[in-house]
Amino acid sequence: MPSPTLTPAQERTLALLRRSGEPSVFSEQFVAELREEATQAMAGFHDRLGNDTLFITKNTLGSVHGCEAQHLAPDEFEWTPARAKGQVAHKAIQQLLNWRGEPTAGELVDDALARLGDEEREFGRWVAALKPGDEADLRGRAIEHVTKFTETFPPLDRRSNPLTESAAQWPVDAPILLRARVDLVIGRPQGRESRKLIIDLKSGRVSPRHREDLRFYALVETLVRDVPPRKLATFYLDSAQPIVEDVTEGVLRSALRRTLDGVNAIIELSIEGRFPVKRPGVHCRWCPLRADCPEAALGRADESDEGDG
Ligand code: SF4
């Protein structure tokens, strides 16, 4: 079958993502040491947890490493079309991977909305109960997301095992679980050679937190499958540009350190009663404590972060 003609944006992205140079192979010893360090640290945390359990995700870590006072505030999260567009678009892209023929973005999004609305979980119930105006808003945003993806990201070759919303958890059962759900995974290891590419799709502006999210995914992938991914990329749909990082031992060690620091802080704050440290920033904009927080004025207003997925 002839290769599809790529747009310049697709060519540019492909050049940044493709494999080059020497094969990436991490030593067994390094992976074993990383897991041992994680296992020992978790055992120490379990002793401090009592009967509680913790689910650690990129959002938990981003929250506790942001403002600790906000981290402890009651969760007032509500779905909106702007927040939900990423979930719908990812489902649509998942359908695209296995769809026969050439569906339009609208067909894919309609199919995704129908499927998500049938799911027995909070998000599915929210989708199923959408009023016509909100549904149209969500549909339009998700179609824009999918269209930008198909126009600017290289076509996904099924032989490279592309997966969307790919979940991983470490360990299998314990009081503290690390959980990852990756927007897009391409490739799979060959023996111990790292060939997997982990990609997060983002709209809005670049944030250092996006790189930390990917590093956390790389850590969980390594702890679960023993073979680290070779590359991490945040693909910014509005600018058709990936920001790419090669996975190294240093990246994985840094991700483990940040994860353990985050778990330690969560236990100190939630179980041991430590007073939270306020860290004003862009997150002040949607903080429920903002009205009564003098530090809120130090946080930068930012208009673009809501569409973050
Ligand atoms: S307004 Fe800002 S500094 Fe104050 S608690 Fe919220 S996030 Fe923290």
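Every number here is computed from the coordinates shown, using simple stated rules; none is lab data. Small disclaimer: the values here were computed from a predicted structure and weren't measured. Backbone-built Cβ (ideal geometry, glycine too); neighbour counts: all protein chains shown.
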Subject >> Amide H contacts under 5 Å for Ile176, placed H, 5+ residues apart >> reply: Leu54
**OP:** Work out, in µm²/s and without decimals, the Stokes-Einstein translational diffusion coefficient of the range 173-303 at 20 °C, 1.002 mPa s, Rh from Kirkwood over C-alpha pairs.
**Re:** 127 µm²/s
Original post:
How many angstrom lie between the C-alpha centres of the range 205-221 and the range 90-124?
Top reply: 26 Å
**OP:** Please turn the phi angles of the range 221-234 into ³J(HN,Hα) values with the Karplus equation 6.51 cos²θ - 1.76 cosθ + 1.60 (θ = phi - 60°), one per residue in order, whole Hz, x for glycine and proline.
**Re:** 4, 5, 5, 7, 10, 6, 10, x, x, 8, 8, 10, 9, 9
Original post:
What do you get for Rg/Rh over the range 81-152 if you use C-alpha atoms and the Kirkwood form of Rh?
Top reply: 0.95
Original post:
What is the extension gain from Asn51 to Ala167, computed as 0.36 nm multiplied by their sequence separation minus the C-alpha to C-alpha distance, in nm to one decimal?
Top reply: 39.2 nm
Original post:
Which value in deg cm²/dmol, rounded to the nearest 500, describes the helix-derived mean residue ellipticity at 222 nm for the chain, given -39,500 (n - 2.57) per DSSP H run of n ≥ 4 and division by the residue count?
Top reply: -15000 deg cm²/dmol
**OP:** For the range 244-252, just list the computed ³J(HN,Hα) in residue order, Karplus coefficients 6.51, -1.76 and 1.60, θ = phi - 60°, integers in Hz, with x standing in for Gly and Pro.
**Re:** 10, 9, 6, 7, 10, 4, x, 4, 6
**OP:** Would you mind ranking Ser27, Ser254, Ser207 so that the residue whose beta carbon has the fewest other beta carbons within 10 Å leads the list?
**Re:** Ser27, Ser254, Ser207
**OP:** List the residues of the range 22-44 whose backbone N lies under 11 Å from a point placed 7 Å from the Cα of Ala174 along the Cα-to-Cβ direction.
**Re:** 35-44
Original post:
Which whole-Hz ³J(HN,Hα) couplings does the range 87-95 yield from phi under the Karplus relation 6.51 cos²θ - 1.76 cosθ + 1.60, θ = phi - 60°, glycine and proline marked x?
Top reply: 4, 5, 5, 5, 5, 5, 5, 4, 5
Subject >> Centroid-to-centroid separation of the range 1-63 and the range 144-195 [C-alpha atoms, Å] >> reply: 10 Å
Subject >> Coordinate range along principal axes, alpha carbons of the chain, Å, largest first >> reply: 60, 52, 37
Original post:
Which far-off residues, 5 or more places away or on another chain, put their amide H under 5 Å from the one on Ser194, with H placed in the peptide plane?
Top reply: Ser24, Val25, Phe26
Original post:
How would you rank Thr234, Thr150, going from fewest to most other Cβ atoms within 10 Å of each one's own Cβ?
Top reply: Thr150, Thr234
**OP:** Return Glu135, Glu144, Glu102 ranked ascending by Cβ neighbour count within 10 Å, so the fewest neighbours appear first.
**Re:** Glu102, Glu135, Glu144
